[in-house]
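To start, the structure itself, in structure tokens.
Laboratory data are not the source of any read-out in this text; all were calculated from the coordinates shown. Worth saying up front: this structure is predicted, and the values here are computed from it rather than measured. Positions of Cβ are generated from backbone atoms using ideal geometry, with glycine treated the same way; all protein chains shown enter the neighbour counts.
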Amino acid sequence: AQRVTQPEKLLSVFKGAPVELKCNYSYSGSPELFWYVQYSRQRLQLLLRHISRESIKGFTADLNKGETSFHLKKPFAQEEDSAMYYCALSGGGNYGQNFVFGPGTRLSVLP
Amino acid sequence: NAGVMQNPRHLVRRRGQEARLRCSPMKGHSHVYWYRQLPEEGLKFMVYLQKENIIDESGMPKERFSAEFPKEGPSILRIQQVVRGDSAAYFCASSPSLGGGSEQFFGPGTRLTVL
């Protein structure tokens, strides 16, 4: 069964500090991993996906198959990064369509 | 492309009433997903539908909840005889294609309050 864990429910950092939001997964096949972000009073939106290997808003995430992790990192946090972050995995199911979200981590960037 | 539309944005119901939540996927998308977000909790998968078919309803409560995605019109999530515990934000997402790796595009959500 596929599963996504995000061990931190809440993460608080000061502006300018590095931030790492942890995500671990369990999946027997080759997963597609995503990070979604939900800013206050806005809809959930895709932040980045591992296959595109891009940096969005200064965030990066590397898929580590050995550690089954997909941690989200940013070297210098900004106040506008404060939001709810969800790690998600796509794969599995009869049609490969199952999308599983982690419980989310609320990032609070303090001034 | 207006994106995924959900209505109403806010819905208030008294215990025992029915709640109907609508979701119009993005143009060209034929896959719809419903999620529930309880207060202070993460997103929980409820059901995955294609036109006229329920593909995966493993996250749906067995009673009172149903979903459909007719050939014409929006997808509907129906909650019968609502209870206070149904109060939550319900999000709909759509994707264009089948298979892993398809990004899901989310609607703004419907916030259901049961009095």
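With a ≥ b ≥ c the root eigenvalues of the C-alpha gyration tensor of region A:15-64, is it rounded (a/c under 1.5), prolate (a/b larger than b/c) or oblate?
Cα axes put region A:15-64 in the prolate bin.
For chain A, divide the Cα radius of gyration by the Kirkwood radius and give the resulting Rg/Rh value with two decimals.
0.97
Specify the residue with the greatest mean-square fluctuation among A:Gly66, A:Gly58, A:Gly29, computed from a Gaussian network of chain A linking alpha-carbon atoms under 10 Å apart.
Result for chain A, Cα springs under 10 Å: A:Gly66 fluctuates most.
Compute the distance in nm between two label points, each set 7 Å from the Cα along the Cα-to-Cβ direction, one at B:Arg84 and one at A:Glu54.
Between B:Arg84 and A:Glu54, the label points sit 4.7 nm apart.
State, in angstrom, two size descriptors of region B:1-66 derived from its alpha carbons: Rg to one decimal place and Dmax to the nearest whole number.
Rg, Dmax (Cα atoms, Å): 13.2, 37.
Modelling each spin label as a point 7 Å along the Cα-to-Cβ direction, I'd like the A:Leu110/B:Glu68 distance in nm, to one decimal.
Computed distance between label sites A:Leu110 and B:Glu68 equals 5.3 nm.
With a cut-off of 8 Å between alpha carbons and a minimum separation of six or more residues, what is the relative contact order of region A:1-75 in percent?
32 percent
Using only C-alpha atoms and all pairs of different ones, pull out the Kirkwood radius for the protein assembly as shown in Å with one decimal.
Every distinct Cα pair counted, the radius reaches 18.1 Å.
Based on alpha-carbon atoms only, what is the radius of gyration of region B:40-115 relative to the globular estimate 2.2 N^0.38 Å?
1.15
So, with +1 on the Cβ of K and R and -1 on the Cβ of D and E, and no other charges, what is the size of the charge dipole of chain A about its Cα centre, to the nearest 20 debye?
160 debye
Along Cα→Cβ, 7 Å out, is where each label goes; now give me the distance between the ones at A:Glu20 and A:Asp62 in nm to one decimal.
Placing both labels 7 Å beyond Cα along the Cβ direction yields 1.1 nm.
So, in Å, what gap is there between the alpha-carbon centers of region A:21-73 and region B:37-112?
Measuring centre to centre over Cα atoms gives 22 Å.
Let me spell out the model: positive unit charges on the Cβ of Lys and Arg, negative unit charges on the Cβ of Asp and Glu, origin at the Cα centre of region A:1-58. What dipole size does that give, in debye rounded to 20?
It works out to roughly 220 debye.
Mind putting a number on the dipole of the protein assembly as shown about its Cα centre? Charges go on the C-beta only, +1 for Lys and Arg and -1 for Asp and Glu, and I need it in Debye to the nearest 20.
Here the protein assembly as shown has a charge dipole of around 640 debye.
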